[in-house]
Amino acid sequence: MSEGTHVWSGKSGRSYVYRIYQLPPRMKRLAGNYIFAKRTEIGGWLPVYIGETDNLSKGPRRDPPLECVRANGATHLHAHAHDGDEAARRLEVDDLLELWSPPCS
């Protein structure tokens, strides 16, 4: 069950709405992008890993470095179902990575 939403901005200035799930999440069978994230001291979010997959219910296509994700304090998964193809999902990921540079990506 989702705990609400968070809007992530990319370097381009575009905004992306992600649903927030506590780890481990139960996801629907949809293509999309995801962010392993942790809360900041002031209640915001910091990304630990940003990626994309063709099936959110199966998890990432390329496994993130889970030891790194855990070591960097990720507590939630933010997911954005994406009806575009892999190239469109990758553009969103790249836009987010350019701004955020998470430690495990």
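The values are calculated or read from the model by the stated rules, or taken from the named source; none is laboratory data. Since the model is a prediction, treat every value here as computed from it, not as a measurement. Positions of Cβ are backbone-derived with ideal geometry, glycine not excepted, and every protein chain shown enters the neighbour counts.
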Among the listed residues V17, V48, V69, identify the single one that is of a type in the set (V, I, T), over 20 Å from A87 (Cβ atoms), crowded, with 18+ Cβ neighbours inside 10 Å and touching a residue at least 40 places away in the same chain (Cβ under 8 Å).
V48
Count of residues meeting criterion [in a loop (DSSP other than H, G, I, E, B) and aliphatic (A, V, I, L, M)] in the stretch 12-55:
5
The number of residues in the stretch 1-20 that are modelled with pLDDT under 95 and closer than 18 Å to R90 by Cα is 0
A88 vs. criteria small (G, A, S) and without any contact (Cβ under 8 Å) to a residue 12 or more places away in the chain:
yes
